[in-house]
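In what follows, a single structure is set out as structure tokens and then discussed.
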Amino acid sequence: MKTVGNHRKKRLCVVTATRAEYGLLKPLISRLSESLLFEVKVVVTGMHLSPEFGLTYQEIEQDNIPIHKRVEILFSGDTPSAVSKSMGMAFIGFADYFSENLFDGVILLGDRYETLAVACTAANQQIPIIHIHGGEVTEGAVDEGFRHAITKLSFLHMASTEIYRKRIVQMGEDPERVFCVGALGVENVLHTRLLPKEDLERKLDVSLPEKYALVTFHPVTLEKQSAKAQIHELMAAMGELSQWSFIVTKANADQGGRLINQAIEEYAENHENVRVYSSLGLRNYLSAMKYCSLVLGNSSSGILEAPSFHVPTVNIGDRQRGRIRAESVVDCLPCREDIVRAVKKVISPDFQKIVEKVQNPYGDGNTSEKIVRILEKELGRKELDLKKKFYDIPFDV
């Protein structure tokens, strides 16, 4: 066991299951590794280990971040049953891992089903959970409930805005354990060394025109069987915008995700202005966002990161409904006419003036530093009391 002076280093586990999640956690992993108080172990699971989704654990290795454990959980298929079975595999895999490895804390981000399973096993093992991005609302996704469940299992909370911090307290969490730290995505935008456009084109093997859109579309998991109809409406809109080029990143392994990926791949085969990628990697993705004319789809990155680039976002449908958004984000219905209307709006001269001056509501780009300082203080205590009292707020219904 590593020590600092006469003190044992605190062992932290960081779990990541998706390319986007790792991209957000990357600056925090690096800063925690630099701290004299912590010994960090990174565990990869879920889509990272799937050839279908680009074997993105390799991006972590390329960043020279040691992977302590790979936990295979992903079932082939994106039906509700397959997702539940993947959660079951996560329970089993992480139950074994946490019983074999002692940790002083586990860091979890967001709201995915894998994350909830890991949170449950960590709670059973009495490992303090540090949750990032709690208190947020995504009304169109089943992940909404997963996020709030993880919040109730967690010991420390790192919220991205003050409104979300208050919402976590509203859920009964002790205000002394809830902190507003901003969003890690903003930190990535402000501090990642991005590629020159020529280098990005070489990496992606594509010539990027002056006018192109960065596209990601995930299934709206609380709308049954809407994925097929909605991706076809998006592709119909892309057809009407034939003078544009589109850089598309595939959907996650959510219910309906594979259907979306198959549809967009087939579309790209017959349209030279559309290129599809399983994963771009953090640096390539942010570089593509920097040079694009707009972000299109329903990914959280259009809400969290794009405003910091002063790039407009057309946010389609209800997946991100309820999230705080900058003025550069325009919402539209998941239908061809409304998508085209929204695209024309965000590229208009009047709207571009708004985009140029927009303020990102998700912080100042120093999130990882704030989290590390909080963890050094909170986990550095001699004893942690994991017993939680429900914090009541007086109100009239």
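The values are calculated or read from the model by the stated rules, or taken from the named source; none is laboratory data. Being a predicted model, the structure only gives us computed values, none of them experimental. We place every Cβ from the backbone using ideal geometry, glycine too, and count neighbours over all the protein chains shown. What goes into the accessible areas is simple: the full protein's heavy atoms, side chains included, and nothing from ligands, DNA or RNA. Shrake-Rupley method; radii C 1.70, N 1.55, O 1.52, S 1.80 Å.
Checking the stated criteria, ILE163 turns out not to satisfy the condition of being in contact with a His (Cβ under 7 Å, 6 or more places away or on another chain) and either in a helix (DSSP H, G or I) or under 29 Å from THR79 (Cβ atoms) (or both).
So that you can scan it fast, the table gives a plain yes or no per residue for (1) closer than 30 Å to GLU378 by Cα; (2) β-branched (Val, Ile, Thr); (3) out of contact with any helix residue (DSSP H, G or I) (no Cβ under 8 Å at 6 or more places or on another chain):
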{"position": "PRO27", "(1), (2), (3)": "yes, no, no"}
{"position": "GLN62", "(1), (2), (3)": "no, no, yes"}
{"position": "GLU72", "(1), (2), (3)": "no, no, no"}
{"position": "ASP96", "(1), (2), (3)": "yes, no, yes"}
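Being open to solvent by less than 10 Å² (accessible area, probe 1.4 Å) and either under 30 Å from SER84 (Cβ atoms) or modelled with pLDDT of 95 or more (or both) is a property that LEU194 lacks. Take the conditions (1) on the phi > 0 side of the Ramachandran plot; (2) modelled with pLDDT of 95 or more; GLY363 misses just one of them, which is (2). Total residues in region 29-54 satisfying the condition of being crowded, with 24+ Cβ neighbours inside 10 Å and out of contact with any strand residue (DSSP E or B) (no Cβ under 7 Å at 6 or more places or on another chain): the figure is 2. I need the full set of residues from region 85-103 which are within 19 Å of ARG147 (Cβ to Cβ) and open to solvent by 70 Å² or more (accessible area, probe 1.4 Å), in order please. Scanning region 85-103 gives a single hit, PHE91. Taking region 238-262 as the range and being open to solvent by 10 Å² or more (accessible area, probe 1.4 Å), among the small types (Gly, Ala, Ser) and over 21 Å from LYS345 (Cβ atoms) as the test, only GLY256 passes.
Restricting VAL118, VAL106 to those that are open to solvent by less than 10 Å² (accessible area, probe 1.4 Å), touching a residue at least 12 places away in the same chain (Cβ under 8 Å), among the β-branched types (Val, Ile, Thr) and not in a strand (DSSP E or B) reduces the list to VAL118.
Residue count for region 117-145 under the criterion of being at negative phi and at pLDDT 95 or above: the result is 16. Any residue at all in region 367-383 that's farther than 24 Å from PHE38 by Cβ, in contact with a helix residue (DSSP H, G or I) (Cβ under 6 Å, 6 or more places away or on another chain), among the hydroxyl-bearing types (Ser, Thr, Tyr) and crowded, with 17+ Cβ neighbours inside 10 Å? Looking through region 367-383, none of the residues is farther than 24 Å from PHE38 by Cβ, in contact with a helix residue (DSSP H, G or I) (Cβ under 6 Å, 6 or more places away or on another chain), among the hydroxyl-bearing types (Ser, Thr, Tyr) and crowded, with 17+ Cβ neighbours inside 10 Å. For region 205-235, a residue qualifies if it is assigned to a helix (DSSP H, G or I) and either open to solvent by 10 Å² or more (accessible area, probe 1.4 Å) or within 13 Å of LEU259 (Cα to Cα) (or both), and the qualifying residues are ALA227, LYS228, ALA229, GLN230, ILE231, HIS232, GLU233, MET235. For VAL186, the conditions (1) outside any helix (DSSP H, G or I); (2) touching a helix residue (DSSP H, G or I) at 6+ places or on another chain (Cβ under 9 Å); (3) closer than 29 Å to VAL343 by Cβ all hold with the exception of (1). Inspection of region 253-270 finds a residue satisfying the criterion of being in contact (Cβ under 8 Å) with a residue 12 or more places away in the chain, of a type in the set (Phe, Trp, Tyr) and assigned to a helix (DSSP H, G or I). When we screen SER300, SER328, SER293 for residues that are of a type in the set (Gly, Ala, Ser), open to solvent by 10 Å² or more (accessible area, probe 1.4 Å) and farther than 30 Å from ASP174 by Cα, the only hit is SER293. Residues that are touching a residue at least 60 places away in the same chain (Cβ under 8 Å) and within 24 Å of the chain's Cα centre (by Cα) are absent from region 376-397 altogether. Out of all the residues in region 69-84, is one or more surrounded by 15 or more Cβ atoms within 10 Å (Cβ to Cβ), in contact (Cβ under 8 Å) with a residue 60 or more places away in the chain and in contact with a His (Cβ under 8 Å, 6 or more places away or on another chain)? Looking through region 69-84, none of the residues is surrounded by 15 or more Cβ atoms within 10 Å (Cβ to Cβ), in contact (Cβ under 8 Å) with a residue 60 or more places away in the chain and in contact with a His (Cβ under 8 Å, 6 or more places away or on another chain).
The residue of region 38-52 that is nearest to ALA20 (Cα to Cα), among those that are among the hydrophobic types (A, V, I, L, M, F, W, C) and either in contact with a Ser or Thr (Cβ under 7 Å, 6 or more places away or on another chain) or at pLDDT 95 or above (or both), is MET47. Note on region 128-146: residues that are over 24 Å from GLU369 (Cβ atoms) and not hydroxyl-bearing (Ser, Thr, Tyr) total 9.
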